[in-house]
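Inspection log for the structure reproduced underneath, given as structure tokens.
The values are calculated or read from the model by the stated rules, or taken from the named source; none is laboratory data. Since the structure is predicted, the reported quantities are computational estimates derived from the model, not experimental observations. Positions of Cβ are generated from backbone atoms using ideal geometry, with glycine treated the same way; all protein chains shown enter the neighbour counts.
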């Protein structure tokens, strides 16, 4: 028979002090919890994994940006729709997150108004959901050599500190420190200085925190 309490072997006679010491080392599993929630009480204590999971949720995570363009000609709204659809189809996004997105109106047929709310509020503070990269995220990835070169401009999101705006910006590998304001329902623009030249298409890259 295996030992039931540390320090006390089966069949051995023990004294009161040995038993008291063994009981002091016994874990009170009745109050142990493997997850933390709003209903957790002071009488409970969490497992190491529950604590780690809670800390992980508070940490921002690691940025992932697609090295190549996800699309080479797309409007801002359609780029965000692509992010939403990619999130719904991703196998590593929990079903509860996808259900929450649907409740908020972030469905695979998301409208323009909800595209803005998704990028502005919902996606920026959550892990694993896809979104447009912020300007500084794009620039850091570019200068770190993580982005493949593309000549056209790309949709990025403006966010400095806690200030998020409703503006739609474009950036390019040719001019990584220069921003251009874009019209969100257009996927390209004519070169006004050289009207005979072809359209300059707008692309984008998927991004998310993992």
request  = Go through region 172-185 and give me each residue that's at pLDDT below 85, loosely packed, with under 14 Cβ neighbours inside 10 Å and assigned to a loop (DSSP other than H, G, I, E, B).
outcome  = 183, 185
ask   = Residue check: is residue 192 at pLDDT 90 or above and either over 27 Å from residue 122 (Cβ atoms) or part of a strand (DSSP E or B) (or both)?
value = no
query = Which is in the same structural domain as residue 203 (by TED's automatic domain parsing) and surrounded by fewer than 16 Cβ atoms within 10 Å (Cβ to Cβ), of 79, 123, 95?
reply = 95
message = When you scan region 34-54, do you find a residue that is at pLDDT 75 or above, outside any loop (DSSP other than H, G, I, E, B), surrounded by 11 or more Cβ atoms within 10 Å (Cβ to Cβ) and at negative phi, even just one?
response = yes
query = Taking region 137-161 only, how many residues are surrounded by 13 or more Cβ atoms within 10 Å (Cβ to Cβ) and out of contact with any helix residue (DSSP H, G or I) (no Cβ under 9 Å at 6 or more places or on another chain)?
reply = 9
query = Given 90, 96, 123, which one is at pLDDT below 95 and either closer than 19 Å to residue 205 by Cβ or touching a helix residue (DSSP H, G or I) at 6+ places or on another chain (Cβ under 6 Å) (or both)?
reply = 123
